[in-house]
Structure formats: C-alpha cells, structure tokens
Amino acid sequence: PWLNITSLGAEDSSGSCIWTSSTQGGNWLGMIVKTESATGSVTNTVPAGWTLAGSSSVVATNSPKVSVYYKENAASESGSVTVTFNRTDTTWSIALVEIAGAAPTSSVATVTTFNDTTADTTTGTGTITTTTQTTPLVLAASAVSSGVQFSSWGNSYTEIEDNAMGAAAGSGLGVAYRIFSSTTTTGTTATVGSSRADASIYVPVKLNTTT
C-alpha cells in the first residue's frame, strides 16, 4: 500500500516536508510529526484539512512527542506541507505517507498511545486490538529524544521511516507498519542506538482491499 514516503527534520519554529511526487486522488494521506523542546511542551499547528488521529508524549522538559494526522479520500497533493510550532527551539521530524486502498470514510479506528519514561534501548510497549470489518493496516510510530537510529522492529512489522537527523537535531522518529487479515491483539518494539525514553502510538487504518 505504500506509494509515497518522505521525511525531513531540523530545529526551528516551523517545519516543512515535501511530497516526493504528486499523490493520487482518493488515497489516504498521513503525516507523522515528532517534536521536542528544551524550554517546554510543543504545540503543533497544521494546515487546514488534516485531522489529528492522536498524540503521545513523555511528560518532562525536553521530552519527545509524536503526533499522527491524516486525510482520507484526499485530493491529489504536491509540494510541501508546513507545520508551525509554538517554540522557536523546537527540534522536529516530519514523515509523509500515502496509502492506496484505504476506506474513504471512518478509516481510522481507536488509536492506542503510550510512553516509556525509563531510558533504555527498546521503544514501544502495550498492544492494540485490530478489527474485522476490513483488513486493517496498523501504523506504529515512536519518538525518542536525540537522534538515534531505529532497528529490529518486532512481530513482523516493516520499518518505513527512520529519521535520526544526528544528535544535534534531536529528531529521532521511527515508523513501521503491518497488515492483518483477522482480529488480533498486536504490538511491536524497536531497538534504538542508545538508551532513551520514548513516546509511541498505534494508528489502525481500515483498508478496503489488501494492496
């Protein structure tokens, strides 16, 4: 189902990510935003038309937050998508994804969020239960403080994004997915290059067909 994946990260009061090619009308579009700031919590302002699926954060100063936004049955898009932040020292990473075959309405089921305040080399805890109405694709995203690499996603999840951006940028974002054909309780973990607290989220996307 993956047609278009792109990402970028830096430090500023806003961040932009550019579609690698024009999206196809009617597809599901997702935007995963990782932020953190040394001066306090970060608030995202996204362009009109994007719906928040959910956010997860580690409640502490200079803590990572991951937020997932989406458009279903979206019109074709090209160029950049810009997110603004309430803090000028925000370190950020943005990933854009496009999924073919998603349900045109009510495509996002119940989202599960969690965080791990213990610094270790494993991200992700908890589980989510998929549904049987349509074939569900589960997006798993994790954010860590400081730019470290993600690897070894468990439980047959496939990594589609690993934006470390270097330790100075602090934009550690990892995204993986798996498609299921029946009701199940699922979870995944990933390994990061050094011990970090993490914020993670599961977003189940309903598919009309498996593509």
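The values are calculated or read from the model by the stated rules, or taken from the named source; none is laboratory data. These numbers were taken from a predicted model, which means no experiment stands behind them. Neighbour counts run over all protein chains shown; Cβ positions are idealised from the backbone, glycine included. What goes into the accessible areas is simple: the full protein's heavy atoms, side chains included, and nothing from ligands, DNA or RNA. Shrake-Rupley method; radii C 1.70, N 1.55, O 1.52, S 1.80 Å.
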remark   = In the neighbourhood of THR122 defined by beta carbon distances under 14 Å, the net charge of the other residues (Lys, Arg +1; Asp, Glu -1) is -2
ask   = In straight Cα distance, which aspartates and glutamates are under 13 Å from LYS71, not counting same-chain residues fewer than 8 positions off?
value = GLU98
inquiry  = Between GLN24 and THR129, what's the calculated FRET efficiency when r is the beta-carbon distance and R0 is 25 Å? Round to 0.05.
reply    = 0.25
request  = Compute the accessible area per residue over the range 25-103, keeping the other protein chains in place, probe 1.4 Å, unit Å².
outcome  = 35 Å²
note = A 1.4 Å probe over the protein heavy atoms gives the range 172-211 a carbon and sulfur accessible-area percentage of 45 percent
task = Using a/c under 1.5 as the rounded threshold, could you call the range 13-129 rounded, prolate or oblate? The axes a ≥ b ≥ c are square roots of the C-alpha gyration tensor eigenvalues, and prolate needs a/b larger than b/c, oblate otherwise.
result = oblate
inquiry  = Assuming 0.36 nm per residue, please report the length gained on full extension of the stretch SER182 to THR84 beyond their Cα-Cα distance.
reply    = 31.4 nm
ask   = Expressed as a whole percentage, what fraction of the accessible surface of the range 11-128 belongs to carbon and sulfur atoms when a 1.4 Å probe is rolled over the protein heavy atoms?
value = 46 percent
task = Quote to one decimal, in nm, the extra length available between SER41 and ASP120 on full extension: 0.36 nm per residue of separation minus the C-alpha distance between them.
result = 26.2 nm
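Could you sort the peptides 79-87, 198-206 by per-residue average Cβ neighbour count (10 Å cutoff), highest mean leading?
My ranking of the peptides, most packed first, is 198-206, 79-87.
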